[in-house]
């Protein structure tokens, strides 16, 4: 997302943040409170970490200023055309119980679908994902979460707090429903990572692809009420999804 308000369905799920120029960063950081995270915003930075466009746990004005200078240098080395004087500064989110990847997209053949999986750095390493056709119920989503390998982290692994899966599923279900209302204008939403806490979630980073002109001709979901979707829980389905996404991913 180039702006926290670019997708209104996501604004209530993310950390507090503001978009600013480098000159404004110090004032805004003090306003929202340290520690903060800093990201350079550019439509050419789909994957910010690899470009050096993310800095975490910044604790004062000096660290924010230094991070912005270093970020400009790193992004220049990675892709000069991506450099902008436009940053997102956010409050740091506490460590979660687990990280998920949540993808909402419209398949030309099957229609709208939700993909849930282990997020963060585990996406490429684990291949742990399930796919649900939409609309689906919150119960369907809860069962899908329980089928993931990462579910052990959500169930109180080694004495850690347990996640209330019904609440987590309900929040994801709300996001799905919001996506279905805008299915003709939003081609895809990818949230990675989605931080999962005991009773809520937080979308730490998200990528939104708008539908191309004529998107209203895509296959529209036939069922308007939540109903059981088709669940696939295989490595193959995850690989197919990654391939589908990579074909549309900005270079």
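Would you report the distance distribution of C-alpha pairs in region 151-204 as whole percents per 10 angstrom bin, up to the bin with the largest distance? It works out to 22, 45, 24, 8, 1, in whole percents. Centroid-to-centroid, using Cα positions, region 62-124 and region 125-157 are 22 Å apart. Could you pull out which residues in region 93-112 have an amide N less than 18 Å from a spot 7 Å beyond the Cα of residue 47, following the Cα-Cβ vector? The answer is 100-103. Taking N as the residue count of region 47-122, its C-alpha radius of gyration divided by 2.2 N^0.38 Å amounts to 1.46. For region 16-91, the Kirkwood estimate of hydrodynamic radius, built from reciprocal distances between every pair of different alpha carbons, is 11.9 Å.
For the residues 87, 110, what sequence is obtained by ranking on other C-beta atoms within 10 Å, fewest first? Spell out each step's value before the answer.
Values: 87 27, 110 13.
Fewest to most other Cβ atoms nearby, the residues stand as 110, 87.
When the inverse distances between all different Cα atoms of region 1-130 are averaged and flipped, the Kirkwood radius reads 16.1 angstrom.
How do 89, 32 rank when sorted from fewest to most other Cβ atoms within 10 Å of their own Cβ?
On the way: 89 25, 32 14.
Ascending Cβ contact count within 10 Å gives the list 32, 89.
Please find the FRET efficiency linking residue 166 to residue 95, where r is the Cβ-Cβ separation and R0 is fixed at 35 Å, and quote it to the nearest 0.05.
Details: r = 23 Å, r/R0 = 0.64.
E between residue 166 and residue 95, to the nearest 0.05, is 0.95.
Every number here is computed from the coordinates shown, using simple stated rules; none is lab data. Since the model is a prediction, treat every value here as computed from it, not as a measurement. Counting neighbours? That spans all protein chains shown, and the Cβs are built from the backbone with ideal geometry, glycine included.
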